Amino acid sequence: MKRSGGEKWTKKHLLGIEDISREEITMILDQAKGFKEVLSRAIPKVPTLRGKTLVNLFCEPSTRTRASFELAAKRLSADTLSITASSSSFLKGESLRDTARNIEAMHTDMIIIRHASPGAAHFLSRCVRSSVINAGDGAHEHPTQALLDMFTIREKLGRVEGLNVSIIGDIAHSRVARSNILALVKLGAKVTVCGPKTMMPLEIEKTGARVTYQLEEALKKADVLNILRIQLERQEKGIFPSTREYIKSFGVNREKLKRYAGKKTVIMHPGPINRGIELSQDVADSEHSVILEQVTNGVAVRMAVMFLLSQIKSVPERAR
């Protein structure tokens with residue numbers, strides 16, 4: 001697989017969108033385009049990572065992200081090992097560092113980690129020689145989700161630069177929102193965030209995003225709506241008055257789209273969807289929706305990330 005434009009990838013890890021440049025984002029998206037073509041073949045597999053061993057270390061529940069990484073690794077012919085917190089030595093009190101070092105002693109090449117603590121992937125990258133991919137760390141970042149969203153937008157609309165993208169929902173607690181804002185701003189999109197005041201982080205404007213608390217404002221002139229899952233467990237903590245009130249003020253349905261949004265507005269959602277709450281059934285399954293395309297594109301993007309990181313040779317072990 002050739003990288004477009006002759007650029008050279010130099011990063012050993014993918015820890016967050018904050019850590020990579022616009023050019024590096026574009027390099028990943030260009031690489032993913034080639035891998036998506038691989039996925040459409042009769043035999044959707046290439047020997048690119050044959051002989052490499054990848055570990056999925058998931059310390060939080062996950063279906064889509066973990067399955068996507070596993071499938072991406074297998075499409076690249078890598079050997080894979082999946083470890084979850086419920087079946088690991090975490091239950092016996094073993095530290096993240098010791099768990100990772102023990103895994104790496106089995107001669108692994110790459111560790112994909114999801115963890116509830118912000119900064120867990122950064123910490124791990126300082127403890128191991130393997131490449132580390134952040135699959136979500138607390139409310140901090142989810143870089144591959146943002147990258148697959150950028151890929152989907154570019155594929156659907158031909159570009160990201162200059163587009164109006166509205167992110168709707170619980171912005172304060174969403175790693176997807178944070179990574180998306182960073183990626184969109186770096187690629188030149190105009191970003192609007194919308195949600196209840198209790199779900200909006202302080203000083204969010206410093207990211208380059210515009211803030212509104214009125215859904216109709218977020219829908220107007222939007223080329224793309226990225227609608228976040230409402231974490232219903234937060235309702236018990238009084239983050240928003242009631243589910244019914246949220247639906248009334250911020251739930252996206254066909255009537256609101258017809259009244260305020262354009263006819264070609266693209267609907268995205270990172271999943272899983274609370275149907276009938278943040279997004280109505282008819283909109284989730286409508287011609288506007290690219291939600292299932294996001295899932296497909298996630299495999300291609302993660303293949304691209306794994307491929308690029310595999311080009312960087314491990315450094316000799318250092319004192320820790």
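Here are the numbers for the structure shown:
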read-out	value
Index of the failed condition, C194 passing every other in (1) surrounded by fewer than 21 Cβ atoms within 10 Å (Cβ to Cβ); (2) over 18 Å from the mean Cα position of the chain (by Cα)	(1)
Top-ranked residue of the range 269-303 - restricted to ones that are charged (D, E, K, R) and touching a Lys or Arg at 6+ places or on another chain (Cβ under 8 Å), ranked as nearest to K156 (Cα to Cα)	E293
Contacts under 6 angstrom Cβ, first residue in the range 124-147 being in the same structural domain as N226 (by TED's automatic domain parsing) and more than 17 Å from I181 (Cα to Cα), partner in a strand (DSSP E or B) and acidic (D, E), 6 or more apart	none
Pair list, Cβ < 9 Å and 6+ apart or interchain, from the range 93-112 residues that are in contact (Cβ under 8 Å) with a residue 40 or more places away in the chain to residues that are surrounded by fewer than 15 Cβ atoms within 10 Å (Cβ to Cβ) and hydroxyl-bearing (S, T, Y)	T99/S89; D109/S314
The lone exception for V266 - which of (1) out of contact with any Lys or Arg (no Cβ under 6 Å at 6 or more places or on another chain); (2) among the hydrophobic types (A, V, I, L, M, F, W, C); (3) within 19 Å of A146 (Cα to Cα) it fails	(1)
Unmet criterion (only one of (1) part of a loop (DSSP other than H, G, I, E, B); (2) modelled with pLDDT of 95 or more; (3) in contact with a Phe, Trp or Tyr (Cβ under 7 Å, 6 or more places away or on another chain)) for L29	(1)
Members of the range 207-238 found to be modelled with pLDDT under 90, surrounded by fewer than 19 Cβ atoms within 10 Å (Cβ to Cβ) and assigned to a loop (DSSP other than H, G, I, E, B), listed by number	Q231, G238
Test: residue in the range 42-53 that is in contact (Cβ under 8 Å) with a residue 12 or more places away in the chain, outside any loop (DSSP other than H, G, I, E, B) and farther than 24 Å from P270 by Cα	yes
Filtered residues of the range 197-206 (kept if in a loop (DSSP other than H, G, I, E, B) and either on the phi > 0 side of the Ramachandran plot or surrounded by 14 or more Cβ atoms within 10 Å (Cβ to Cβ) (or both))	M200, P201, E203
Those residues of the range 269-282 which are in contact (Cβ under 8 Å) with a residue 24 or more places away in the chain and farther than 21 Å from L148 by Cβ, in sequence order	G276, I277, S280, D282
In the range 58-79, the residues that are assigned to a strand (DSSP E or B) and either modelled with pLDDT of 95 or more or outside the structural domain of D109 (by TED's automatic domain parsing) (or both)	D79
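This table checks each residue for (1) surrounded by 22 or more Cβ atoms within 10 Å (Cβ to Cβ); (2) out of contact with any Pro (no Cβ under 9 Å at 6 or more places or on another chain); (3) closer than 26 Å to L187 by Cβ; (4) aliphatic (A, V, I, L, M).
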| residue | (1), (2), (3), (4) |
| --- | --- |
| P44 | no, yes, no, no |
| L49 | yes, yes, no, yes |
| L81 | no, yes, no, yes |
| N102 | no, yes, no, no |
| I112 | yes, yes, yes, yes |
| L124 | yes, yes, no, yes |
| A139 | no, no, yes, yes |
| H142 | yes, no, yes, no |
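The values are calculated or read from the model by the stated rules, or taken from the named source; none is laboratory data. On a predicted model such as this, the values are computed, not experimentally measured, just so you know. With ideal geometry, Cβ positions are generated from the backbone for all residues, glycine too; neighbour counts draw on all protein chains shown.
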